[in-house]
Amino acid sequence: MRGIVFKFSRSIRHRPLRLPRLSIGSQSFREFLSRYALQILFLMLFVTGLTLGAAYSGSADDTLIDRLDLLFTTNLESRSSMSGVGIYLSCFSADFLFVLAAFLLGMSAWGSIALPMLVLFKGFSVGLSSAMMFMLYRGVGIGFYLLVILPGTTLFLIGFIRYLRYAFALSIRYGRLTLKDGGESVRSLSLKSYLLHSLTALLFVLGAALMDTVLWLLFAQLFDI
């Protein structure tokens, strides 16, 4: 018995310790990080803007809230009086403006600087609007936000952050083309692929607006707002 224990400990001592390879599905963590690094960065910027917006809500005045109502939901009473078409157009326009800005910035050399600021501002707007809703309507506002607004916002955010990756990459390539004499041509920037990704982002906007409208029509009357 002692010999068996000795041989076993000896084999362990001479065998190198191999740590398990961290993987996500069939991908290693390094491959996952290299593939989704931009999305993770933009998500972190969004969370940062979300935190800043929630912190700023305590000092925001009514004038600022009214001016920003086009970009995100701040006036629930006015939206409650709209028809289904009006609610859909309101939800669609608020998200479409951000996708349109990302589309135009992706086709410019300085978009790589402006795109992080755009997602930061989107996070700020969501944080400000949600915090104002919580302060004005208390528990009712929290329930309304979680049931009616959050699902559509999440769907849009998934498509928006996914699209920012391609807009940022194209902007980087435009920047390289601007700094170089000759070399890479405009045709090689894969504009067709970029337009297809833009169409996908637009579908996310349409889906998010439809989800917002349906949830609003189904559940908005359950809340005393």
Taking a ≥ b ≥ c as the square roots of the eigenvalues of the Cα gyration tensor, with a/c under 1.5 meaning rounded and otherwise prolate when a/b exceeds b/c and oblate if not, the stretch 112-222 is oblate
Descending packing, highest mean Cβ count within 10 Å first, for 116-129, 201-214, 81-94 is 116-129, 201-214, 81-94
If each K or R counts +1 and each D or E counts -1, the residues other than residue 111 whose Cβ falls under 14 Å of its Cβ total +3
With x for Gly and Pro, the residue-by-residue ³J(HN,Hα) of the stretch 195-206, computed from phi through the Karplus equation 6.51 cos²θ - 1.76 cosθ + 1.60 at θ = phi - 60° and given in whole Hz, is 5, 5, 5, 5, 5, 4, 4, 5, 5, 4, 5, 4
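Readers should treat all values here as calculations from the given coordinates under stated rules, not as data from a laboratory. Note that this is a predicted model, so its numbers are computed, not measured. Cβ: placed from backbone, ideal geometry, glycine included. Neighbour counts: every protein chain shown.
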